[in-house]
Amino acid sequence: MKLPRRLASAFTLVALSLVGCGDPSQAEPASINLSPLQPSWALDAVGAWRVPVSIGAGADVSRVISAGSLSLRADWTWEFRYDYRDLGAAADRQGTRVLSGGYAARPDASTSLTLRDGATNAAYPATVNADNTVDLTLDGLRYHFTAAQ
């Protein structure tokens, strides 16, 4: 039985489109393309410790971080905020630290960002991980964020 020419061409296109489709576990991991993002993440950990966490904030002062968030907006701006309480012999105050500015994807890796502080022009590296978590390095500490619910 002869197949009409158009039907044979269609089968050929289907066969060619399947070439290279194999076991997805053998494929390279997909990179995350960063066009402007608009998600928000909740602070999960600082260093190896889950929130709430206590970090040093100066001589004889301990800063307890109770909650925080990171937002990357579609207009290429970001905001990081966390709630804290400073405790020490001469200190007992609470507040919210807020940093903000602009961000850009780093050219060497599509999942890496540089967040630039709008007030100080300091640059902070951040990475969007394959599991949609984010790691931000700030003041020598790694802040880990999970997708906000």
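The values are calculated or read from the model by the stated rules, or taken from the named source; none is laboratory data. Quantities reported herein were computed from a predicted structural model and do not represent experimental measurements. In this analysis, Cβ positions are derived from the backbone assuming ideal geometry, glycine residues included, and neighbour counts consider all displayed protein chains.
Gly101 passes all but one of (1) touching a His at 6+ places or on another chain (Cβ under 8 Å); (2) touching a residue at least 12 places away in the same chain (Cβ under 8 Å); which number fails?
For Gly101, the exception is condition (1).
If you check Leu87 against the conditions, is it modelled with pLDDT under 95 and more than 24 Å from Thr111 (Cβ to Cβ)?
Values: modelled with pLDDT under 95: yes; more than 24 Å from Thr111 (Cβ to Cβ): yes.
Yes.
So if I check each of Ala119, Ala104, Ala57, which one is among the aliphatic types (A, V, I, L, M), farther than 13 Å from His144 by Cα and either touching a Lys or Arg at 6+ places or on another chain (Cβ under 7 Å) or at pLDDT below 90 (or both)? Give the derivation first.
On the way: Ala119 fails: either touching a Lys or Arg at 6+ places or on another chain (Cβ under 7 Å) or at pLDDT below 90 (or both); Ala104 fails: either touching a Lys or Arg at 6+ places or on another chain (Cβ under 7 Å) or at pLDDT below 90 (or both).
Going through Ala119, Ala104, Ala57 in turn, the sole match is Ala57.
Right, Leu87: surrounded by 13 or more Cβ atoms within 10 Å (Cβ to Cβ) and closer than 17 Å to Arg63 by Cα or not?
Working: surrounded by 13 or more Cβ atoms within 10 Å (Cβ to Cβ): yes; closer than 17 Å to Arg63 by Cα: yes.
Taking the combined requirement at face value, the residue satisfies it.
Filter region 117-139 for residues that are at negative phi and surrounded by fewer than 16 Cβ atoms within 10 Å (Cβ to Cβ) and give the result. Quick ask: steps written out before the conclusion?
Of all residues in region 117-139, those at negative phi come to 117-120, 122-131, 133-138.
Those that are at negative phi and surrounded by fewer than 16 Cβ atoms within 10 Å (Cβ to Cβ): Gly118, Ala119, Thr120, Ala122, Ala123, Pro125, Asn129, Ala130, Asp131, Thr133, Asp135, Thr137.
Of all the strands (runs of 3 or more DSSP E) wholly in region 65-149, which have at least 2 residues that are touching a Pro at 6+ places or on another chain (Cβ under 8 Å)?
Numbers: elements: 77-88, 91-105, 112-117, 123-128, 134-138, 141-147.
Counting at least 2 such residues, we get 112-117, 134-138.
I'm trying to understand the selection: among the residues of region 90-101, which are modelled with pLDDT of 90 or more and among the aliphatic types (A, V, I, L, M)?
Val98, Leu99
Go through region 122-145 and give me each residue that's of a type outside the set (A, V, I, L, M) and at pLDDT 95 or above.
Keep residues of region 122-145 that are of a type outside the set (A, V, I, L, M), which gives 124-125, 127, 129, 131-133, 135, 137, 139-140, 142-145.
Those that are of a type outside the set (A, V, I, L, M) and at pLDDT 95 or above: Tyr124, Pro125, Asp135, Thr137, Arg142, Tyr143, His144, Phe145.
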